[in-house]
Amino acid sequence: MNREPEYEAVIGLEVHAQLLTASKIFCGCSTRFGEAPNSQTCPVCLGLPGVLPVLNKKAVEFAIRTALAVRGLIAAHSIFARKNYFYPDLPKDYQISQYELPLSTGGFVEINNDGMARRVRIRRVHLEEDAGKLLHAGTMDRAEYSLVDFNRCGVPLIEMVTEPDLRTPEAAAEFLKEFRAILQYLEVSQGNMEEGNLRCDANVSVRPTGTAELGVKTEVKNMNSFKNVQRALEYEIERQIRLLKSGQPIVQETHLWDATQGVTLPMRGKEEAHDYRYFPEPDLVPVEISPAWVEEIAASLPELPAERRQRFVQAYGLPEYDAAVLTASKALADFFEECTHRHRDVKLVSNWIMSELLGYLNREGKEITESPVTPAQLAALLKLIQEGVISGKIAKVVFEAMYQTGKSPEAIIREKGLIQITDPEELGRIVDQVLAENPGPVSDFRGGKEKARTALVGAVMRATKGKANPQLVNDLLREKLAGGKVHPEE
Amino acid sequence: MKITRREVEHVARLARLGLADEEMERMRAQLDAILTYIDKLNQLDTREIKPTSHVIPMTNVLREDVVSPSLSQDQALANAPDRHEAFFRVPRILEA
């Protein structure tokens, strides 16, 4: 979707993800979300004088896991740095981060964009601490005062920076989804943008298509959903192209995405914020990561989204698209595989999950983890279809009831009396009756109108409320219409 | 001269220091003397020496991921110049 083919965008992303440790990165305070304000702080994370931070080992391991998953090179020797700036969510007036000698450099993530596999290079992955949370009385620039909650201050973050390898907002969103899936598969972060435990900033510039020199870039912040990332980038790219076309300069500055107005606006009052005066953090000694430690973590890595997608295509014969949908989250892929362990017809399983289950869940904005239907129940339903107990059509009615009530398919079929009629004698009587009541279509059929039979099949289905076995209906109709026994002898 | 008056003003602004005119010049002279002294290091050949970030020969001081008790809300807020319920209260952040 490029409305301005004479220009191309160059996008690099900076992604922050909260790590799922129990305690903060440099102190023992809990990282639990949603607790009473300022109830999870201590002298270390409040930046009181005379305290020493001590690094959380698990945060290091989670960062190494992530770096290995994007095929980064883990640094044997890495150090922390102070990033100095004043902001009320930062009690020490510096953030402990990494600058020179980050934990990992290089690597790549493969994404599927426009039906093509593309490699997005990773520049670095490093560890840092999160800042506190600010609440503004009214809008940020008009608030009389702001309130600070330091519970989040010191929660471990990984920062992942890509090379400027992305060319479209769609590719950026695609990359972000893939990276989130990786984090979730690794179980190192919840990766929920709306809740703020996954955040994304973008560096954007445009240039005439086909040229190599980079244009002046802006940084776009405050995009708190995949959809907003895409919308904000689309807006910013068009804004820059408009400026270039009219011969105006692009100013290198930070813009905030305003989702309600659908625009990016330059951020005021932070002109000098980029002069961070990084220097090595004297309170934390260097981290040395031995090859043995890296190997131990590498050996514990789970199957990653791309590998699982490929396996779903190869082992189950699923189309690429289906495999991509089913592996988008680890929980969904687990759900699917649990069904396939109980039911052999993989294609049937995937169809039911994709069209029925995900349909219901998406309508309610729910995740697979909130599904009222369990894999065992779905597999049981599919078994009932395959054994001919119910038709595929009735199964959809049963499924809806399963979704609404969480009951087993057997219970619903019993309660609603939905068992398929497969007895030739019982169904034969119904067919006879339908033929007697529909002399028109019967004579049409006999007069050579093959189509009239479809109307008769429909009439039988109506008479049985959809419970007739369709194959048997067809057989019986063929036999009875050919035999001429329209009216049973009485 | 190792440092200009403009640079001193810039650094002072970054550090949120309001310096009077004569203080500005005094700081410039002192910083200049410090930088001149430090510059002596440039007389040494350090090509074969790795940058030193830490002088103590220690690495990997790590803690296990175990939660320990936090301060109470009142303890945390005890030194706050201003508070609102259990929040720290601060002046408006961005310029209007």
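Throughout, read-outs are computed from the coordinates displayed, never taken from laboratory work. Everything quoted here is computed from the prediction, not taken from an experiment. As a convention, Cβ positions derive from the backbone with ideal geometry for all residues, glycine included, and neighbour counts pool all protein chains shown.
Structural remarks
- Cα-based shape type of the range A:424-483, given that a ≥ b ≥ c are square roots of the gyration tensor eigenvalues and the cut on a/c is 1.5: prolate
- Residue pairs, from the table A:Lys330/A:Lys366; A:Lys396/A:Lys467; A:Lys383/A:Lys416; A:Lys57/A:Lys83; B:Lys2/B:Lys40; A:Lys92/A:Lys177, whose Cα atoms sit over 24 Å apart: A:Lys92/A:Lys177
- Rounded, prolate or oblate (a/c below 1.5 giving rounded, otherwise prolate when a/b exceeds b/c) for chain B by Cα gyration tensor: oblate
- Ratio of Rg to Rh over the protein assembly as shown (Cα coordinates, Kirkwood Rh, two decimals): 1.13
- Remark: mean inter-chain Cβ contacts per residue of A:77-90 equal 2, using a 10 Å Cβ-Cβ cutoff to other protein chain atoms.
- Karplus-based coupling profile of the range A:53-59, in residue order and whole Hz: x, 10, 5, 7, 4, 5, 4, with θ = phi - 60° in 6.51 cos²θ - 1.76 cosθ + 1.60 and x standing for Gly or Pro.
- Cα shape, the range B:1-44, gyration tensor, a/c 1.5 rule: prolate
- Within the protein assembly as shown, percent of DSSP bridges classed antiparallel, to nearest 5: 90 percent
- Going from the fewest other Cβ atoms within 10 Å to the most, the residues B:Thr4, A:Thr31 appear in the order B:Thr4, A:Thr31.
- Across peptide B:81-90, the mean count of Cβ atoms from other chains lying within 10 Å of each residue's own Cβ comes to 6.
- Note on A:Thr369 and A:Arg429: the extension gain reaches 16.9 nm, defined as 0.36 nm multiplied by sequence separation minus the Cα-Cα distance.
- Taken residue by residue and averaged, Cβ atoms of other chains lying within 10 Å of the Cβ of A:29-36 number 2.
- For the range A:336-354 versus the range A:179-196, the gap between their alpha-carbon centres in whole angstrom: 25 Å
- FRET efficiency estimate (nearest 0.05) - Cβ-Cβ, B:Arg6 to A:Glu307, R0 56 angstrom: 0.50
- Euclidean distance of C-alpha centroids, the range A:57-74 and the range A:390-447, integer Å: 57 Å
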